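The values are calculated or read from the model by the stated rules, or taken from the named source; none is laboratory data. Keep in mind that what you see is a predicted model, and the values were worked out from it rather than measured. So basically every Cβ, Gly included, is an ideal-geometry build from the backbone, and we count neighbours across all protein chains shown. Surface areas here come from the heavy atoms of the whole protein model, side chains and all, with no ligands, DNA or RNA. Shrake-Rupley method; radii C 1.70, N 1.55, O 1.52, S 1.80 Å.
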Amino acid sequence: MTPDAVQAALHLWPGLEGGSATLINLSENHTFRVDTPDGHHHILRVHRPGYHNRATIESELAWLKALAEQTDLKTVTPIPGVGGPLLQQVMDRESGARRFAVRFAFEPGVEPNADEPLEPLFAELGRMAATCHTHVETWQPPAGFTRPSWTPETMLSPGGLWGDWRVAPGVTAEVAALLERASARLHADFAAYGATSDRFGLIHADMRLANVLVHDGQARLIDFDDCGFGWFIYDFGAAVSFFETDPRVETLKQVWVDAYRRIRTLTAADEQMLDAAVLLRRMVLLAWIGSHAEVELAQSLAPHFATGTVELAERYLRKSSTD
């Protein structure tokens, strides 16, 4: 999706006509900043074809609206297009296909720097996760609400939501054999853990550093595009995305747990499964790297990500054998 194609569609949102579009992020979707002649900034998310449909995107936006109205969580605000709908369609000139798009209010802030101390941020991430999970335990979604499920079956199978980790860069026959053992262990451990409503429900599912904006010391949770049904502890697994092997993770885990428990109960059984959530997330990220070769982040991680995944898997298998 090119900036020119976006600019040609800006008439779909009141006040954006005459704006200039700049691509600021390419991951699952294309995210553009639109600068209008009056000096204001706006955000436009153009969805990746085939990943979500109208019903799933409208369901995401329904949860965002409920969180904004019913909690103190700082998130992002979708803005209606012409005629009132939040969801519009734009023409992708390169493919000739129409793609869903949503406008959001521009929010100031920067992505946290992973090289700086992360303890204060992980305390906030624990609070954010507990706030979301507390909300969904009593929230009644609107009719037709539908989002994907994040489970070993949907994430680790050859037809997984983000692709097949077995064909990702660096997955040799030896690596595949070890990761198959880890996959089997994860299937068994999550099945034993269970999916009761106190531990499984609607989650953000991508609460990583890149999806947090920090401004004047306050954190804002953005990008609910991957929200779906999964284990609540998975939001911690996502929080350490791409640096799961960092020795700081153990400390950050405890910070997250302590903050979470100030709002919502986290049992010893829940805490014991946090490492499983980290490995599950790491393996689906390995699949993502293999299926998103066009994305700069995937390209930068491809040469070594399988090696780090093996390290985590070996550690998890050793721990499981002694529990």
Got a number for carbon plus sulfur as a percent of the chain's accessible area, 1.4 Å probe?
54
How much length, in nm to one decimal, is gained on full extension between residue 164 and residue 311, taken as 0.36 nm per residue of separation minus their Cα-Cα distance?
51.0 nm
What is the sum of charges, Lys and Arg at +1 and Asp and Glu at -1, for the other residues whose Cβ falls under 15 Å from the Cβ of residue 135?
-1
Helix-only [θ]222 nm of the chain, DSSP H runs n ≥ 4, -39500 (n - 2.57) each, per residue, nearest 500:
-13000 deg cm²/dmol
With +1 at each Lys and Arg Cβ and -1 at each Asp and Glu Cβ, the charge dipole magnitude of the chain around its Cα centre, to the nearest 20 debye, comes out at 560
So how much accessible area does residue 138 have, in Å² to the nearest 10, using a 1.4 Å probe?
110
Gain in length, residue 53 to residue 98, computed as 0.36 nm per residue apart minus the alpha-carbon separation, to one decimal in nm?
15.0 nm
Label-point separation, residue 300 to residue 176 (7 Å along Cα→Cβ), nm:
3.0
Farthest positive-ward along region 168-323 dipole, Cα basis, beta-carbon charges - from 221, 260, 277
260
Please give me the summed charge of the neighbours of residue 11: other residues whose Cβ is under 13 Å from its Cβ, Lys and Arg +1, Asp and Glu -1.
0
Using square roots of five times the C-alpha gyration tensor eigenvalues, list the equivalent-ellipsoid semi-axes of region 5-147 in whole Å, biggest first.
27, 21, 15
Expressed to two decimals, region 140-188 has a Cα Rg over Rh, using the Kirkwood radius, of 1.16
With a 1.4 Å probe and every protein chain left in place, work out the accessible area per residue of region 184-304 in Å², rounded to a whole number.
36
Show the residues, 5+ positions off or on another chain, whose built amide H is closer than 5 Å to the amide H of residue 149.
229
Determine, from the Cβ-Cβ distance of residue 111 and residue 184 and an R0 of 25 Å, the FRET efficiency 1/(1 + (r/R0)^6), rounded to the nearest 0.05.
0.10
How much net charge surrounds residue 33 when only the other residues with a Cβ under 13 Å from the Cβ of residue 33 are counted, with Lys and Arg +1 and Asp and Glu -1?
0
If r is the Cβ-Cβ distance from residue 216 to residue 153 and R0 is 45 Å, what FRET efficiency results, to the nearest 0.05?
0.60
What translational diffusion coefficient, in µm²/s and rounded to a whole number, does the Stokes-Einstein relation yield for the chain at 25 °C and a viscosity of 0.890 mPa s, taking the hydrodynamic radius as the Kirkwood radius over Cα pairs?
119
Residue separation between residue 11 and residue 137 times 0.36 nm, minus their alpha-carbon distance, gives in nm 41.4 nm
As an exercise, identify the trypsin sites (Lys or Arg not before Pro) in region 213-276 lying in DSSP coil whose Cβ has no more than 15 other Cβ atoms within 10 Å.
248, 262
What translational D, rounded to a whole number of µm²/s, comes out for region 5-58 from Stokes-Einstein when the hydrodynamic radius is the Kirkwood one over Cα pairs, at 4 °C and 1.567 mPa s?
109
Farthest toward the dipole's positive end in the chain, which of 76, 27, 97, given Cβ charges of +1 (Lys, Arg) and -1 (Asp, Glu) about the Cα centre?
97
Trypsin sites (Lys or Arg not before Pro) restricted to DSSP loop in region 89-121 with at most 14 other C-beta within 10 Å:
93
What are the semi-axes of the equivalent ellipsoid for region 88-201, taken as the square roots of 5 times the Cα gyration tensor eigenvalues, largest first, in whole Å?
29, 25, 21
Please compute the per residue accessible area over region 1-146 with all protein chains in place, 1.4 Å probe, rounded to a whole number of Å².
47
Please report the projected area of region 215-293's Cα convex hull averaged over all directions, in nm².
6.8
With all protein chains present, calculate the accessible area of residue 271 using a 1.4 Å probe and round the result to the nearest 10 Å².
50
